[in-house]
Amino acid sequence: DVSNLGKQGQLLEVKAGFFRNFLLPTRKAQLMTLILEMKMEDERIEAEKQRVKEEAQQLAMIFETVGAFKVKRKGGKGKQIFGSVTAQDLVDIIKAQLQR
């Protein structure tokens, strides 16, 4: 990361003198090439996959600790409910119980 300029992995345009005199000698930046661009894209994709995997694991752990969700619906005789439980109903219940 370079303060007041950008974070690692960002693609920025800077003046030639600033790059040549400061960024390149201190190894804080390098020229963008097609190979480097492809490598950065692969790293970005891998980081995104890792983030999604970690989030899914966190949700799985939360669901395991919560156990079951209760859905209240009007019913008739013999525990028959009127209507159905939709996917949106489940989303609303999960959001309410988990604050997520």
TODO: Working from Cα positions, state the angle (0 to 90°, nearest 10) between the long axis of helix 34-66 and the longest principal axis of the chain.
DONE: 30 degrees
Open item on the list: Based on the alpha-carbon set only, what is the convex hull volume of the chain divided per residue, in Å³?
Closed with: 177 Å³
Task: Solvent-accessible area, 1.4 Å probe, carbon plus sulfur percent, for the chain - done: 56 percent
Open item on the list: Can you give me the angle between helix 87-98 and the longest principal axis of the chain, using Cα atoms only, in degrees from 0 to 90, rounded to the nearest 10?
Closed with: 80 degrees
Open item on the list: Leaving out ligands and nucleic acids, and using a 1.4 Å probe, what accessible area per residue does the chain come to in Å²?
Closed with: 92 Å²
Task: Proximal lysines relative to residue 28, as straight alpha-carbon distance under 20 Å, when same-chain residues fewer than 8 apart are discounted - done: 7, 15, 39
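The values are calculated or read from the model by the stated rules, or taken from the named source; none is laboratory data. Bear in mind the structure is a predicted one, so any value in this text is a computation, not a measurement. For the accessible areas, the whole protein counts, side chains as well, though only heavy atoms, and no ligand, DNA or RNA atoms are used. Shrake-Rupley method; radii C 1.70, N 1.55, O 1.52, S 1.80 Å.
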